[in-house]
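Enquirer: Would you mind keeping the following structure in view while I ask a few things?
The values are calculated or read from the model by the stated rules, or taken from the named source; none is laboratory data. Bear in mind the structure is a predicted one, so any value in this text is a computation, not a measurement. A quick note on method: Cβ atoms are made from the backbone with ideal geometry, for glycine too, and the neighbour counts reach across all protein chains shown.
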Amino acid sequence: MKKLITTAAVMAIGAAIGLSSMAVQAKETTIDPAADREAFRNFFKKHLGDKIKLDDLKDGVYALDEDARSQWEEIEEFPPYEIELDKGEELWNKKFKNGKSFADCFGKDVSKIRAKYPYHDEKTDTIVTLEGDINKCLKDNGEKPFKWKKGKIADLSAYISYEGRGQKITTEPKTDKAKAWYDKGKKFFYAKRGQLNMACADCHVYNSNRRIRGDLLSPALGHVTHFPVFRSKWGNLGTLHRRYGGCNKQVRAKPFKAQSDEYKALEYFQYVMSNGMEFNGPGARK
Amino acid sequence: MRAVCRIASLSKISTVAASVLTLAGIVGLSSAALAGDDKKADATHEEGKKLAFDKKKGNCLACHLIAGGDQAGNIGPPLVAMKARFPKKEDLHAQIYDARVKNPNTIMIPFGPHKVLTDKEIDKVVDFIYSL
């Protein structure tokens with residue numbers, strides 16, 4: 001009897017899935033980031049229901065699930081990233097061989113840095129990221145640049161993010177060139193890839209708030225507010241591009257290099273989607 | 001957490017129970033017909049189950065609740081009463097081979113065309129799933 005009854009549920013669920021996956025695809029012809037963002041937010045409003053406030057998505061999966069949230073709040077009382085945060089502060093204060101320091105590149109007020117990034121630079125027609133500028137500062141001062149995905153770059157980025165908590169994302173493409181970068185990132189986000197043939201949107205839009213095996217899938221809205229992230233799985237802090245690489249590998253796609261044009265465009269797109277949300281990095285995740 | 005979800009979905013299910021009574025006949029018949037083949041089928045089921053549960057192969061549990069597996073995801077529908085859903089075995093094979101035929105935007109892996117599972121492996125998975 002039980003078997004029979006479940007058949008109806010299967011059909012009902014099937015129908016529900018069919019509906020929800022049609023909703024989000026945005027228009028192709030004009031590049032209109034503000035309209036895309038509105039559609040994106042509206043999708044999540046419907047998809048997640050009234051109980052979840054969109055702005056709480058800066059906390060990722062922890063905004064979705066009470067149990068996980070209380071575990072997380074305990075973790076945050078003694079944050080696992082604390083030692084790396086201290087190392088980041090030391091790096092900030094350390095003098096280069098030429099006597100200068102990061103403050104000479106970024107300005108003295110460390111709390112004002114995080115929210116400037118990422119942005120499109122019209123002259124060089126590229127996306128400037130916080131990590132990119134950290135290494136640019138080192139090179140400009142005759143220092144050896146950091147490795148891109150973890151270690152010192154993540155420590156310093158975590159310190160800058162921590163000091164910049166509470167400010168809001170302002171990333172917004174205004175020129176045609178900037179919009180072209182945005183569009184490149186958007187296409188990446190919605191494109192199926194890898195042997196397993198999945199798009200970022202498959203997991204983090206259409207099926208967010210569902211479980212893939214034991215993992216609750218975070219909504220893409222708010223993805224970028226809290227990087228770098230300390231993952232228990234990594235045992236240390238990692239940058240956004242490290243996470244992108246991991247998510248590409250999961251679907252057996254070849255990951256791109258950290259700070260490649262592909263990931264810079266993707267980062268830019270994700271920031272534009274989360275424009276207006278609060279920075280609260282670094283984060284702690286499973 | 002998982003227990004809670006199951007209970008929730010069961011209660012939803014019971015409300016629609018009345019509307020499915022017509023299906024009762026179908027399933028009742030086909031499971032009676034299969035009873036004789038059970039022993040022979042067991043070995044293939046076991047292989048199919050392994051392929052279905054293996055994270056490097058089918059990994060169906062990533063998305064589907066399947067009896068006998070734990071930590072199942074809930075992206076796809078629970079795989080139950082498969083004979084009622086797919087009276088023809090070929091249709092079940094086709095669904096697993098390439099789910100895009102029915103739903104072009106599906107998240108389900110195109111196991112056949114992307115060579116995640118061979119045709120033979122899909123046959124075994126089908127045998128297992130068909131027994132659910």
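Enquirer: Please specify each residue of segment B:70-91 satisfying the condition of being free of Cβ contacts under 8 Å to residues at least 60 places away in the same chain, more than 10 Å from chain A (Cβ to nearest Cβ) and either buried (at least 21 other Cβ atoms within 10 Å of the Cβ) or part of a loop (DSSP other than H, G, I, E, B) (or both).
Expert: B:Phe86, B:Lys88
Enquirer: Taking only segment B:41-90 into account, find how many residues are modelled with pLDDT under 95 and on the phi > 0 side of the Ramachandran plot.
Expert: Qualifying residue count, segment B:41-90: 3.
Enquirer: What do you reckon, is A:Ala180 touching a residue at least 12 places away in the same chain (Cβ under 8 Å), crowded, with 18+ Cβ neighbours inside 10 Å and not hydroxyl-bearing (Ser, Thr, Tyr)?
Expert: Considered against the rule, which asks whether it is touching a residue at least 12 places away in the same chain (Cβ under 8 Å), crowded, with 18+ Cβ neighbours inside 10 Å and not hydroxyl-bearing (Ser, Thr, Tyr), A:Ala180 comes out as no.
Enquirer: Separate question: Looking at segment B:92-132 only, could you name the residues that are away from chain A (no Cβ under 11 Å), hydroxyl-bearing (Ser, Thr, Tyr) and surrounded by 15 or more Cβ atoms within 10 Å (Cβ to Cβ)?
Expert: Passing the criteria: B:Tyr97, B:Tyr130, B:Ser131.
Enquirer: If A:Ile17 passes every condition in (1) modelled with pLDDT of 50 or more; (2) in a helix (DSSP H, G or I); (3) over 21 Å from A:Phe279 (Cα atoms) but one, which one does it miss?
Expert: All conditions are met except number (1).
Enquirer: Out of B:Ala52, B:Ala43, B:Ala62, which single residue is at the interface with another protein chain (Cβ under 8 Å from one of its Cβ atoms), out of contact with any Pro (no Cβ under 8 Å at 6 or more places or on another chain) and under 23 Å from B:Lys120 (Cα atoms)?
Expert: B:Ala62
Enquirer: Give the residues of segment A:214-230 that are part of a loop (DSSP other than H, G, I, E, B) and at pLDDT 95 or above, sorted by residue number.
Expert: Answer for segment A:214-230, where residues must be part of a loop (DSSP other than H, G, I, E, B) and at pLDDT 95 or above: A:Leu217, A:Ser218, A:Pro219, A:Ala220, A:Leu221, A:Gly222, A:His223, A:Val224, A:Thr225, A:His226, A:Phe227, A:Pro228.
Enquirer: May I pose another question? Exactly one condition in (1) within 14 Å of chain B (Cβ to nearest Cβ); (2) assigned to a loop (DSSP other than H, G, I, E, B); (3) touching a residue at least 60 places away in the same chain (Cβ under 8 Å) is false for A:Arg252; which is it?
Expert: (3)
Enquirer: Name the single residue, out of those in segment A:112-127 being loosely packed, with under 14 Cβ neighbours inside 10 Å and not β-branched (Val, Ile, Thr), that is nearest to the chain's Cα centre (by Cα).
Expert: In this case the residue turns out to be A:Asp121.
Enquirer: Here is a follow-up. Kindly list the number of the only condition in (1) more than 20 Å from A:Phe78 (Cβ to Cβ); (2) surrounded by fewer than 19 Cβ atoms within 10 Å (Cβ to Cβ) that fails for A:Lys264.
Expert: Among (1) more than 20 Å from A:Phe78 (Cβ to Cβ); (2) surrounded by fewer than 19 Cβ atoms within 10 Å (Cβ to Cβ), the lone unmet condition for A:Lys264 is (2).
Enquirer: On the basis of being modelled with pLDDT of 85 or more, farther than 30 Å from B:Ile66 by Cβ and not aromatic (Phe, Trp, Tyr), does A:Lys51 make the cut?
Expert: no
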